[in-house]
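Inspection log for the structure reproduced underneath, given as structure tokens.
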Amino acid sequence: MPESVILTSRPRVLSGMRPTGKLHLGNYMGALANWVKLQDAYECYFFIADLHALTTDYADPSRVKLHTLDVALDWLAAGLDPEKSTIFIQSHVSQHAELHLLFSMITPLGWLERVPSYKEQQENLTGKDLSTYGFLGYPLLQAADILLYQAQFVPVGQDQVAHVELTREVARRFNSMYKTVVFPEPEALLTPSPKLTGTDGRKMSKSYGNAIGISEPPALVAKKVVEMSTNGQRIRQTDPGDPDLCPVGDLHKVFSSPEMNSLIQHRCRNATIRCEFCKIDAANSVCAVTQPISDKRFRLEGEIEGTWEMLRRMSVKAAARAEQTMLSVRNIFDLSRDLGSVRRYFGTSAEDIKNAHDLSHHSDWWMLPQDQRAKLLRDYWRSNFLPRDVQLSQESNRVFASLDRELEEPFISAKKKRVFVTTSRDVNTEDKWNFEIPSRSYEVWTLLCWRSENKWLHDFVVPQKIFSQQFAFAKRSMKKDEKIQVTVTRVEGNHFFLGIAGQTSRNIDELQSNYEPLK
Ligand code: TRP
Ligand code: SF4
């Protein structure tokens, strides 16, 4: 599917907002407007951090869902597009909570106590008891949010930089403690947030009640702007003023054209415009942005089930991506849901597990782009299905230019054989799996046959001696860098045939789940 090709080649971005209700101009300019722009160049994940909301609203959670929906409607109205970005609800993806818990095992208390927002917020939000474990863990939950998707960039405002820094420290500690590279260190994409003053002259903030909502109807926006404070400027209209000290002047700077701005600068300082008219101009500039958002929100509110359904669907999609990370993490903590290496310890032999492997409980992997699914399936196969006397290793610290490159890299067996493990590319053909194998020298191919509606995974371990002739033949007729086309076909229920580059196929029943060649 071409879509997934595009998706995975773009750098990944993740950001979230706590559900505090409808968004105001400050939220829009400081974050959302930037997110809307990022959607085309990045693979974006945007989520509503309802679990984070509970760290402060635990005593009265009654409005969390309403606010979640309010945020979602404003996002969609402002141009976040579920066709381009994955937009979801944090609590619907239980992997956030799981990774947070596992991170809590390795995070020193001091790291959390030192985060500046911890003490500050505790002092500021005096009406709430924030001497809780959950509130202390707020930034660690945020680290889990970010690292769960292995995001490279986190678009946030200045106030969140310390949290991204903690995230980097957690990633570093995890990677070095377990000698892996599971977590890339994310970078903050700083959103320059222009100064936006609320209607009363203080910083625009929901809690001050001085905010202008991005989806408020134009008449209300206009009323608020017209009644806005001028911060003591031009008490008498004959007084000259300074638009740099007036909240209305700030609105112009953010929302009006340069021409309008220079006009206002001039006329305010010379007292040649009445504040009343200056405000009407500002209101028009603001409404040029908010009116389409308000209109769209009005339409969306007409059928909120559609939005909720979208959030649920996208949350499942996000969970499939999150699960990919969690599989590696659970393996590292030896918490994988399959017997895995313990089976190896008890000496299960290849004879005991001759059958295909049941993968029905992983059908959500089909939500992933093909290359991500391929990696996951390969790692899953390696850590769960091999008998104990088989160890396939991998150079753990190599960094690859792309996932496709990484997938071409062979594993190395105990006898130094190069083992290429690959998954079928197509999803639709009945009883037929197609593979593309780079024409590099591997001593063993392992073909993992699995299809979307399939319960069973069939794995075939194909040693070189079986395919060397056909391989040589195929190679001769191939251009450089071309891949060898390999097909596994199932006939009469349970017989499997292998065909290479269209040549006669050969029965490979005895190669199914037969791990001898990997020893
Ligand atoms: N703490 C962020 C805020 O208050 C919200 C948030 C939670 C977040 N998880 C995140 C932002 C992950 C970026 C990435 O704005
Ligand atoms: Fe503020 Fe405009 Fe009046 Fe100047 S003219 S003080 S910018 S409202």
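Can you compute the charge dipole magnitude of the stretch 340-518 about its Cα centre, using +1 on each Lys and Arg Cβ and -1 on each Asp and Glu Cβ, nothing else charged? Give it in debye, rounded to the nearest 20. Provide the component values of the computation, followed by the final result.
On the way: 27 positive and 25 negative charges, 132 e Å.
Taking the Cα centre of the stretch 340-518 as origin, the dipole is about 640 debye.
Ordering Ile87, Ile235 from largest to smallest accessible area (1.4 angstrom probe), what's the sequence?
Values: Ile87 0, Ile235 135 Å².
So, going from the largest accessible area down, we get Ile235, Ile87.
Kindly provide the Kirkwood hydrodynamic radius of the chain in Å, to one decimal, from all pairs of distinct alpha carbon atoms. Mind showing how you got there, number by number?
On the way: mean 1/r = 0.0378 Å⁻¹.
Radius from the Kirkwood sum: 26.4 Å.
Tell me which of Ala77, Leu102, Tyr138 sits at the most positive position along the dipole axis of the stretch 60-143, charges placed on C-beta atoms (Lys, Arg +1; Asp, Glu -1).
The one lying farthest along the dipole's positive direction is Leu102.
Could you tell me which residue out of Cys275, Gln233, Leu189 lies farthest along the dipole of the chain toward its positive end? Charges go on the beta carbon: Lys and Arg +1, Asp and Glu -1, centred on the Cα centre.
Working it through, the farthest residue towards the positive pole turns out to be Leu189.
Return the carbon/sulfur percentage of the accessible area of the chain, one whole number, probe 1.4 Å, all protein chains in place.
Result for the chain: 53 percent of the exposed heavy-atom area is carbon or sulfur.
Ignoring everything except DSSP H segments at least 4 long, calculate the 222 nm mean residue ellipticity for the chain; use -39,500 (n - 2.57) per segment, divide by total residues, nearest 500. Numbers along the way, then the final one.
On the way: 19 runs with 221 residues, N = 519.
After summing the helix terms and dividing by the residues of the chain, the value is -13000 deg cm²/dmol.
Compute the long axis of helix 138-148 from its Cα atoms, compare it with the longest principal axis of the Cα atoms of the chain, and write down the angle in degrees, 0 to 90, nearest 10.
50
I'd like the distance between the alpha-carbon centres of the stretch 94-151 and the stretch 457-519, rounded to an integer number of Å.
So the separation of the two Cα centres works out to 51 Å.
Just flag the GluC sites (Glu not before Pro) in the stretch 85-139 sitting in loop per DSSP whose Cβ has no more than 14 other Cβ atoms within 10 Å.
On the way: sites: Glu98, Glu113, Glu120, Glu123; in loops: none.
Answer in residue order: no site qualifies.
I'd like to check one number: the per residue accessible area of the stretch 202-262, probe 1.4 Å, reported in Å² as a whole number.
51
Quickly rank 72-79, 311-318 as a protection proxy: mean count of other C-beta atoms within 10 Å, highest first.
Per-residue Cβ counts within 10 Å, averaged per peptide and sorted highest first, yield 72-79, 311-318.
Can you compute the modelled spin-label distance between Arg418 and Arg63, with each label point 7 Å from Cα toward Cβ, in nm?
According to this spin-label approximation, the distance is 6.3 nm.
Using the crude model of +1 on Lys and Arg Cβ and -1 on Asp and Glu Cβ, and no other charge, please compute the dipole size for the chain relative to its Cα centre, in debye to 20.
Roughly 1000 debye, rounded to the nearest 20.
State the antiparallel share, in %, of DSSP beta bridges confined to the stretch 340-518, rounding to the nearest 5.
On the way: 27 of 32 bridges.
Here the share of antiparallel DSSP bridges comes out near 85 percent.
Hand me the GluC sites (Glu not before Pro) from the stretch 240-328 located in a DSSP loop with no more than 11 other Cβ atoms within 10 Å, in residue order please.
Within the stretch 240-328, the qualifying GluC sites (Glu not before Pro) (loop, at most 11 other Cβ atoms within 10 Å) are Glu303.
When Lys and Arg each count +1 and Asp and Glu each count -1, what net charge do the other residues less than 14 Å away from Gly134, Cβ to Cβ, add up to?
Values: positive: Arg18, Lys128; negative: Asp50, Asp57, Asp129.
Surrounding charge for Gly134 is -1.
Send over a whole-number figure in Å² for the accessible area per residue of the stretch 396-465, probe 1.4 Å.
Working: 3290 Å² over 70 residues.
Dividing the accessible area of the stretch 396-465 by its residue count gives 47 Å².
Can you find, among Gln158, Ser207, Thr180, the residue farthest towards the positive end of the dipole of the stretch 99-224? Put +1 on the C-beta of Lys and Arg, -1 on that of Asp and Glu.
Sorting the options by dipole projection puts first Ser207.
What is the spread of the Cα atoms of the stretch 340-518 along each of their three principal axes, largest first, in whole Å?
47, 42, 34
How far is the Cα center of the stretch 162-188 from the Cα center of the stretch 65-82, in Å?
With the stretch 162-188 and the stretch 65-82 each reduced to a Cα centre, they are spaced 30 Å.
Antiparallel versus total DSSP beta bridges in the chain: what percent is that, nearest 5?
Details: 29 of 49 bridges.
The antiparallel fraction comes to roughly 60 percent.
Starting from the Cα gyration tensor of the stretch 116-178, multiply each eigenvalue by 5, take the square root, and state the resulting semi-axes largest first in whole Å. Spell out each step's value before the answer.
Details: eigenvalues 118, 38, 18 Å².
Taking √(5λ) for each Cα gyration eigenvalue gives 24, 14, 9 Å.
For the chain, find the longest principal axis of its Cα atoms and tell me its angle to the long axis of helix 258-269, 0 to 90°, nearest 10.
Computed tilt is about 30 degrees.
Here are some pairs, Lys415/Lys519; Lys22/Lys84; Lys375/Lys479; Lys375/Lys415; Lys416/Lys483; Lys119/Lys195; which of them have Cα atoms lying more than 18 Å apart in this structure? Please report the intermediate quantities before stating the final value.
Working: Lys415/Lys519 7 Å; Lys22/Lys84 22 Å; Lys375/Lys479 26 Å; Lys375/Lys415 24 Å; Lys416/Lys483 24 Å; Lys119/Lys195 25 Å.
With Cα atoms farther than 18 Å apart: Lys22/Lys84; Lys375/Lys479; Lys375/Lys415; Lys416/Lys483; Lys119/Lys195.
Treating the angle as unsigned and between 0 and 90°, give the value, to the nearest 10°, between the Cα long axis of helix 304-332 and the longest Cα principal axis of the chain.
Between helix and principal axis, roughly 50 degrees.
Quick one: Cα centre-to-centre distance for the stretch 400-440 and the stretch 281-316, in angstrom?
The stretch 400-440 and the stretch 281-316 have Cα centres separated by 44 Å.
Which of the trypsin sites (Lys or Arg not before Pro) across the stretch 136-183 are loop residues per DSSP, with 11 or fewer other Cβ within 10 Å?
On the way: sites: Arg168, Arg172, Arg173, Lys179; in loops: Lys179.
Answer by residue number: Lys179.
Keeping every protein chain present and rolling a 1.4 Å probe, give me the accessible area per residue for the stretch 285-340 in Å².
Details: 2740 Å² over 56 residues.
Counting only protein heavy atoms, the per-residue value for the stretch 285-340 is 49 Å².
The values are calculated or read from the model by the stated rules, or taken from the named source; none is laboratory data. Predicted model only: the values in this text are computed from it and were never measured. For neighbour counting, all protein chains shown are included, and Cβ atoms are generated from backbone atoms with ideal geometry for every residue, glycine included. These accessible areas exclude ligands, DNA and RNA; they are computed on the full protein's heavy atoms, side chains included. Shrake-Rupley method; radii C 1.70, N 1.55, O 1.52, S 1.80 Å.
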